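Notes follow the structure.
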């Protein structure tokens, strides 16, 4: 079973999604008790590891996980919107990231009581 070495957030402080991705990334790093590395506008990293649009262009922010085998995977690249309030749903975003981790075979710890 793979273990998480660290989370990597590639972002840009001027983007409106920055604060939401940062909140989710910090929460996950705390939950798993691992390092969070924040890369500012590292488009080379995004091009190598991130999701891309139909033209092959990567965007920021995106959240990644580095596993103990050295592999890097994108676990969140788009924020979900609550259909009732039409606001970003960071709880759902964290759940989507956790689901991505489960698909990679990572054991997801329960939230502390």
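The values are calculated or read from the model by the stated rules, or taken from the named source; none is laboratory data. This structure is a prediction, so every number in the text was calculated from the model and none was measured. Cβ coordinates were reconstructed from backbone atoms using ideal geometry, including for glycine residues, and neighbour counts include every protein chain displayed.
Below, the figures for the structure above:
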| read-out | value |
| --- | --- |
| Candidates 28, 15 - the one that is in contact with a helix residue (DSSP H, G or I) (Cβ under 7 Å, 6 or more places away or on another chain) and modelled with pLDDT of 95 or more | 28 |
| Residue, farthest from the chain's Cα centre (by Cα), within the range 50-77, restricted to residues that are closer than 20 Å to residue 13 by Cα and not in a strand (DSSP E or B) | 57 |
| Index of the failed condition, residue 80 passing every other in (1) in contact (Cβ under 8 Å) with a residue 24 or more places away in the chain; (2) more than 11 Å from the chain's Cα centre (by Cα); (3) within 26 Å of residue 105 (Cβ to Cβ) | (1) |
| Some residue of the range 24-37 being touching a strand residue (DSSP E or B) at 6+ places or on another chain (Cβ under 6 Å) and part of a loop (DSSP other than H, G, I, E, B) | yes |
| So residue 46, is it in contact with a strand residue (DSSP E or B) (Cβ under 6 Å, 6 or more places away or on another chain), closer than 17 Å to residue 16 by Cα and buried (at least 18 other Cβ atoms within 10 Å of the Cβ) | no |
| Residue satisfying condition, being more than 17 Å from residue 93 (Cα to Cα) and surrounded by 14 or more Cβ atoms within 10 Å (Cβ to Cβ), within set 58, 29 | 58 |
| Selection status of residue 103, loosely packed, with under 12 Cβ neighbours inside 10 Å, within 20 Å of residue 51 (Cα to Cα) and at pLDDT 95 or above | yes |
